[in-house]
Amino acid sequence: MKILVTGNAGFIGYHLSRRLAEQGHDIIGIDSLNDYYDVRLKEARLRECGIERGTYGEEIRSTTLPNYRFCQLDLCDKEGMEHLFAAHKFDLAVNLAAQAGVRYSLVNPQAYIASNIDGFLNLLEACRRHSCPRLIYASSSSVYGNTREVPFREDAPVDHPVSLYAATKKSNELMAYTYSHLYGIQTVGLRFFTVYGPWGRPDMAPMLFAESITGGKPIRIFNHGNLSRDFTYIDDITEGIAAIIARPDLAREDQPGIPASVYNIGHGSPVPLMDFITLLEQNLGREALKEYTGMQPGDVLLTYADTSKLLADYGYAPKTPLSEGIRQFTGWFLRYRDSSLQKK
């Protein structure tokens, strides 16, 4: 199967692209390599797959995975996207490219509209114009806002986002549904729940906390620690996506006659933030300096996935307990941190 993975130098994109290439799929990965966070981490992920960064728009073949190619390309580059789709007959597009993060949406809202709305529209149009029959795309648990009905079910109301990031993800679901309705493109939206693991994003709690703990700096604990998250290990996420990719015949229709569906993909067991921090401390061998503060704007109190729909359709059952996931993450973090310090 020829698969386009957008955001392939990102956290989830890196793991998924590598897994799919190792399974024998023909993978084309694109990423803008923007500087929202340290580009060196994105480049290191690519090197782990045998790819060195080339010039913008140039396709680079992996030296270790010959069926994996990379092209630096921005979803907002409409002409570039048209050229890419014209050059390749994709069986499937997996959209993991987006401007992520809640806090940054308070600082630079324009970036979210450009990437998550305009860029997503360019991808939908490219799929339509070049007859790509399937699109799997990243949504987010943030669409549930501060709903008190737990666990979060896909049929729950999601009309009250508390961040612009969440609003753009809900918009993606509406846009995908429209293109399924109008053009028959099979679309599957995945509401991710707090994904963590090796090669994770440095703007997320695991990396932020690990950096501060090992550096002897205080960690900021929002809402005085009264938060819970449905932490989901990266391997469980990629296994779930791979299962969806492998079964194009299972085209659930959330609305009869429209080949569009949305799934939660999480662990299904929320963990108090303070328990998560304790596990980090134990695995890093240092106690955190804690700075308690109030709730940050745009944040939510709890995430808790009901994954029964994904289980029923694709057999999704996350296997990694938080204790094991944190052990894997901290092991990688210490190795990566040591190698980064040596390079400096």
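Numbers below:
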| read-out | value |
| --- | --- |
| Subset of the range 218-232 that is part of a strand (DSSP E or B) and polar (S, T, N, Q) - its residue that is surrounded by the fewest Cβ atoms within 10 Å (Cβ to Cβ) | S228 |
| Some residue of the range 90-103 being modelled with pLDDT under 95, over 24 Å from R18 (Cβ atoms) and outside any helix (DSSP H, G or I) | yes |
| Condition check for A100: surrounded by 19 or more Cβ atoms within 10 Å (Cβ to Cβ), closer than 22 Å to A167 by Cβ and either free of Cβ contacts under 8 Å to residues at least 24 places away in the same chain or small (G, A, S) (or both) | yes |
| Index of the failed condition, K319 passing every other in (1) surrounded by 12 or more Cβ atoms within 10 Å (Cβ to Cβ); (2) under 20 Å from the mean Cα position of the chain (by Cα) | (1) |
| Criterion violated by R153 - all others in (1) surrounded by fewer than 21 Cβ atoms within 10 Å (Cβ to Cβ); (2) under 19 Å from the mean Cα position of the chain (by Cα) satisfied | (2) |
| Residue list for the range 51-75, restricted to those being under 11 Å from D31 (Cα atoms) and either part of a loop (DSSP other than H, G, I, E, B) or touching a strand residue (DSSP E or B) at 6+ places or on another chain (Cβ under 6 Å) (or both) | R53, Y56, G57, F70, C71, L73, D74, L75 |
| Criterion (surrounded by fewer than 24 Cβ atoms within 10 Å (Cβ to Cβ) and either in contact (Cβ under 8 Å) with a residue 24 or more places away in the chain or outside any helix (DSSP H, G or I) (or both)) met by exactly one of Y137, Y179 | Y179 |
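Results for (1) in contact with a Leu (Cβ under 7 Å, 6 or more places away or on another chain); (2) of a type in the set (D, E), shown as yes or no for each residue.
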{"residue": "N8", "(1), (2)": "no, no"}
{"residue": "I30", "(1), (2)": "yes, no"}
{"residue": "D38", "(1), (2)": "no, yes"}
{"residue": "A44", "(1), (2)": "no, no"}
{"residue": "Y56", "(1), (2)": "no, no"}
{"residue": "L75", "(1), (2)": "yes, no"}
{"residue": "E79", "(1), (2)": "no, yes"}
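The values are calculated or read from the model by the stated rules, or taken from the named source; none is laboratory data. Quick caveat, the model's predicted, so the values are computed rather than measured. All Cβ positions, glycine included, derive from the backbone under ideal geometry; neighbour counts span all protein chains shown.
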